[in-house]
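Since the structure comes first, as structure tokens, the remarks are kept for the end.
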Amino acid sequence: MNLLSGLINTLKRKLKLSFFSIFDIIVLGDKMISDSIVNQIKEVVKECGKTILNADRENMKIEEKEGIANIVTNYDVQVQNILKEKLLLILPEAKFMGEENEEIQEETDDLTFVVDPIDGTNNFARDLGLSAISVGLLQNKKPILGICYNPYRDELFEAQKGKGSYLNGKKIHVSDLLLKDGLVACGNASYYVELKDKSIEIQNKLIKEASCYRRLGCAVIEICSIASGRTEAYFELKLMPWDFTAASIILTEAGGSITTLEGKEINYFKPSSILASNNKEDYLKYIW
Ligand code: IPD
Ligand code: CA
Ligand code: CA
């Protein structure tokens, strides 16, 4: 963190003031945030990546949450606490919605962080090396910033509204492949037993058409993989806002499309089905 942003944060803390962040936004116009703010957020996210990589597996605490195979580790909670504290220092006027110990917030036009401290908790708990930290920022109920970080590959995906998508600073774009030559990732709504059959039904329809399919167990990486041209499509019958907010802007800014499985616009304050694709054809025709 550079000297100036450090000084600003100290002042903000001391004066309980949000002037500098509001100033940053106003100076740059509606729906824009300064590079300094984005850089500070990226720094915090990368720091949290180290916490994940250095996790003490011998003493890891794992608890069950509602649903099947829905778990939380002490690291999910720890990373979310760090994110909440540090992100709200960077943008004190923002609201915060995170997966652990938080409900979905009431709909608001205000700036709202939407955070998944570890997407792919099962992968993390089993040391599969396929998880990501996800920080999205909503304004007027739509994502204006997305940062997703896979610490295992040191890959940071980022996008801001109207500015394109980047992977470790390099512009990314969706592929041109059609499903017949493409790779589809299938979510199985793992925490919801009532959705399993339907998931398998849709999965069967898609994999019959596709050249290949995968199940990665991390919605964030599944969506960012389409944005970077590594895969072509992904679906899941039920995800929460923290699973898809940041990745959705990374995908759309890379030329992709993300809607509900009915092809409708996503509400970022509600659980939602997700159909994400490289936008090269109408995937709905394969499903319904
Ligand atoms: C889960 C993962 C998984 C998806 C689940 C999500 P979590 O998030 O993204 O791939 O199938 O629906 O809830 O619980 O590991 O953060
Ligand atoms: Ca998640
Ligand atoms: Ca999570």
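Bear in mind these aren't lab numbers, they're just calculated from the coordinates by the rules spelled out. Nothing here was measured: the structure is a model prediction, and the numbers come from that model. Cβ: placed from backbone, ideal geometry, glycine included. Neighbour counts: every protein chain shown.
Points to keep in mind about this one:
- The ranking of Cys212, Cys148, Cys224, Cys48 by Cβ neighbour count inside 10 Å, starting from the fewest, reads Cys212, Cys48, Cys148, Cys224.
- When Leu177, Leu145 are arranged by Cβ crowding within 10 Å, least crowded first, meaning fewest neighbours, the order is Leu177, Leu145.
- Counting DSSP beta bridges with both ends in the chain, the antiparallel % (nearest 5): 80 percent
- Each pair of Cα atoms in the chain enters the Kirkwood radius, and Stokes-Einstein at 4 °C and 1.567 mPa s then converts it into a translational diffusion coefficient of 67 µm²/s.
- Helix-derived mean residue ellipticity, 222 nm - over the chain, DSSP H n ≥ 4, -39500 (n - 2.57), to 500: -11000 deg cm²/dmol
- Using a Gaussian network model of the chain in which every pair of alpha carbons under 10 angstrom is joined by a spring, one finds that among Leu53, Leu261, Leu83 the greatest mean-square fluctuation is at Leu53.
- With a threshold of 24 Å on the Cα-Cα distance, the over-threshold entries among Lys141/Lys163; Lys208/Lys238; Lys50/Lys161; Lys42/Lys280; Lys142/Lys180 are Lys50/Lys161; Lys42/Lys280; Lys142/Lys180.
- Of the DSSP H helices in the chain, those whose Cα atoms cover at least 15 Å axially and whose Kyte score averages -1.0 or more: 3-15, 35-53, 74-90, 241-253
- Integer Hz, Karplus 6.51/-1.76/1.60 couplings in order for segment 176-186, x for Gly and Pro: 9, 6, 8, 4, 4, 10, x, 10, 10, 9, 10
- Model label sites at Asp154 and Glu194, defined 7 Å from Cα along the beta-carbon direction, differ in position by 4.6 nm.
- Where the Cα pairs of segment 179-287 fall when distances are cut into 10 Å bins, in %: 16, 55, 28, 1
- Sorted peptide list for 74-81, 267-274, 202-209, 109-116, criterion being average Cβ within 10 angstrom, highest first: 109-116, 74-81, 267-274, 202-209
- Residue exposure sequence - Thr51, Thr121 - by fewest surrounding Cβ within 10 Å: Thr51, Thr121
- All Cα pairs of segment 99-211, percent lying beyond 20 Å: 61 percent
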